[in-house]
1. If I compute mean projected area of the Cα convex hull in nm² from the structure I just sent, which labelled value in (1) 10.3; (2) 14.5; (3) 15.5 lines up?
2. Give me a comma-separated list of calculated 3J(HN,Hα) values for the stretch 60-68, in order, Karplus coefficients 6.51, -1.76, 1.60 applied at θ = phi - 60°, integers in Hz, x for any Gly or Pro.
3. Could you size up the charge dipole of the stretch 157-210 around its Cα centre, putting +1 on the beta carbon of Lys and Arg and -1 on that of Asp and Glu, and report it in debye to the nearest 20?
4. Around residue 207, with a cut-off of 14 angstrom between Cβ atoms, what is the net charge of the other residues, counting Lys and Arg +1 and Asp and Glu -1?
5. What is the local net charge at residue 132, summed over the other residues whose Cβ is closer than 12 Å to its Cβ (Lys, Arg +1; Asp, Glu -1)?
6. Measuring with a 1.4 Å probe in the full set of protein chains, what accessible area per residue, in whole Å², belongs to the chain?
7. Please build a GNM for the chain, connecting alpha carbons under 10 Å apart, and tell me which residue among 79, 104, 165 fluctuates the most.
8. Compute the orientation-averaged projected area for the stretch 59-120 from the convex hull of its Cα atoms and round it to one decimal in nm².
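The values are calculated or read from the model by the stated rules, or taken from the named source; none is laboratory data. Remember, predicted model here, so these are calculated numbers, not experimental data. For neighbour counting, all protein chains shown are included, and Cβ atoms are generated from backbone atoms with ideal geometry for every residue, glycine included. What goes into the accessible areas is simple: the full protein's heavy atoms, side chains included, and nothing from ligands, DNA or RNA. Shrake-Rupley method; radii C 1.70, N 1.55, O 1.52, S 1.80 Å.
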Amino acid sequence: GSRGVHQQRRALTGTSTTTTTTTAPDSKDVQRDTASFNERIKALKREGNLLGVVREYSLMKNLGVSRSLLTYNLVIDAFGELRQRKSSVRPMMDVFEELLKEPFIQPSSYTYRALIRALCIRDLEVCKQLKQLETRLQWISDESEKARMAALAAEANFKQAMLLFDQARSEFSEPFDLNALDLLLWASAENADTDASMRIFEAIESSKSI
């Protein structure tokens, strides 16, 4: 009857009254619009499934599905929260660079906070690893350990965090929360960067919400 016709029409147009689930991408009835992808990415992030988030995001790109600011923020957040310890944040920064290439989307203050938090946390990991390597190299000369130190230093996570800090301050009046600023201060202390510390303190003092 008419109910069957309506169901068929919904199937053809991709609209549905049912709740979106984390359907596998190869499923025949998977919804391939931006909002449906965002819901699946959100659910996978909630489940702690970073691989699933990456898979859905890659599928969006491969199918030419438009990404929204929410898409980018969810994926950046997922990398920040679900990244394995001692692993680089480069994949997260690659997603950010893809966002910057979007002609009609601009990063939000939330985007900057998520990136800065993840970069600072990674930087603190790197500082700890570098100290351990330096201690070992006092006793033994190991070329592979020296190469590892050079690779870690080259990540320049705190430098990237401060570039984003300056960019966010130029674009938004109150871009930071206390968590992001605390992490920036901690990382600036670990890097013995007095100039950065002064700029962060200035942001705290001039804030009306902190």
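1. Recomputing mean projected area of the Cα convex hull in nm² here picks out (3).
2. Working through the residues one at a time gives 4, 5, 5, 8, x, 7, 4, 9, 9 Hz.
3. Computed charge dipole of the stretch 157-210: roughly 60 debye.
4. Residues close to residue 207 contribute a combined charge of -1.
5. Residues close to residue 132 contribute a combined charge of +2.
6. On a per-residue basis, 59 Å².
7. 104
8. 4.3 nm²
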